[in-house]
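Please treat every number below as a calculation from the coordinates, not as lab data. Quick caveat, the model's predicted, so the values are computed rather than measured. In this analysis, Cβ positions are derived from the backbone assuming ideal geometry, glycine residues included, and neighbour counts consider all displayed protein chains.
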Amino acid sequence: MSDKFVQIHFLTSYPAALLNRDDAGFAKRIPFGGGERLRISSQCLKRHWRVFDGAIGLKALNVPGSIRSRRTFEECIRKPLLATGCADSTVKPVVDALIVEILGKSKKSAAKKGKEEVASVEATTSQLTVLGKPEVDYLFSVAQGVCQKAVSGESAAKEVKDRIKEIKKNLSAIKMAAGLDAALFGRMVTSDILARGDAAVHVAHALTVHEESCESDYFAAIDDLLDADNEEKALKSGHINSVELTSGLYYGYVVVDVPLLISNLEGCKATEWRSADKELAAKVVKQLVHLVAKVSPGAKLGSTAPYSYASMVMVESGNEQPRTLANAFLKPVKQSPDLLENSYVALTNYMDQMQNMYGNSNERAVSAIGNVALFKPVIDKDKVGISLDSAADWIASKVRSHA
């Protein structure tokens, strides 16, 4: 039976940083194992992985992406239509009609004229929408065709409404219409026109393997123009403040639902994934391993330079329900004499206990620094301490070989 799941586990250390803040400006936290842990939200991680622009990024696959914005119809349809010479008196009713028919009635501003109420739809939607680049391109072409032959704005809007069934049918026929991002991380929509997409890549909130380590950093911004004759010379500060800084070794966890990923990418039924082309899915998984290991979700770049690579990346391929290894750190890991090695001990001991209880049908490979020999009891020796490239290539080959 083909392996249905890929799992990626990683440990990454960040010193003196503020990676992910809550609404009060403090580092995000979560109680776990009787202690408070530092946390990086899955939304934060996915955002940084999704938008990374480099050789290991998703954009390097040259597959149409998704646009997440409240201004998609304004920036990607209305303004380009005006730039082609279409009159706004026609463009606005057409774009308004598209918004209403595709997304439902959005935020309105209404003005009463006698007994009549004239409502206008805002091109900036009240909620963020996720539209694939193929969907946006198709909707632009529809709007452009309507505008070019329209007699009036009213008749143009009516044509959009009359063609909505055709528009829905054509949108559903576009391969990966919602874009690569939605194929990986899903799309929640309430529209009857747009297709809802389930996430094929599941990302856990990363948390520290030890209890929180933080302190308040007092800082001052020095005023360069305060001279010796100035009464404030003793202070020489133009601004005084404090900010929380944290340090931690984070455990992160990602699961890839391989059948769903292939179905989302290739447009096939979920039951037909074994016979579908798996090359793009394999490339996505390979890129994802590199993104997990090398892309930092840091804020306060200028003052903390929060860039780090993972110290350990373990990949698994299997057919049974995935399971997190975060419970290896239910008891906070001691930070001395060696936090990383202590974490390896906790992780491999937990894996060994889980194998004794449940057995193991997964294949694994690990790329790591430090005492990698600790992984040999739970991973085949030829896949212990391999390079990240080798680990990524190996797990991609597992996806590619599914049949």
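See the values below:
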{"quantity": "Fraction in percent of alpha-carbon pairs per bin - 20 Å, the chain", "calculated": "23, 43, 27, 6, 0"}
{"quantity": "Dipole moment magnitude, nearest 20 debye, the chain about Cα centre, only Lys, Arg, Asp, Glu C-beta charged", "calculated": "1520"}
{"quantity": "Relative contact order, percent, the chain [alpha-carbon distance under 8 Å, six or more residues apart]", "calculated": "25"}
{"quantity": "Links that overshoot a 18 Å alpha carbon limit, given the list LYS79/LYS168; LYS92/LYS149; LYS59/LYS294; LYS46/LYS278", "calculated": "LYS79/LYS168; LYS46/LYS278"}
{"quantity": "Fewest-first ranking of VAL151, VAL91, using other Cβ atoms within 10 Å as the exposure measure", "calculated": "VAL151, VAL91"}
{"quantity": "Formal net charge of residues neighbouring GLU279 (Cβ-Cβ distance under 15 Å; K, R +1; D, E -1)", "calculated": "+4"}
{"quantity": "Stokes-Einstein translational diffusion, region 255-403 - Kirkwood Rh over all Cα pairs, 1.306 mPa s, 10 °C, in µm²/s", "calculated": "93"}
{"quantity": "Protection proxy ranking of 344-356, 303-315, 172-184 - average other beta-carbon atoms within 10 Å, highest first", "calculated": "172-184, 303-315, 344-356"}
{"quantity": "Cleavage-rule hits (GluC sites (Glu not before Pro)) in region 243-352: DSSP loop, at most 16 neighbouring Cβ within 10 angstrom", "calculated": "GLU320"}
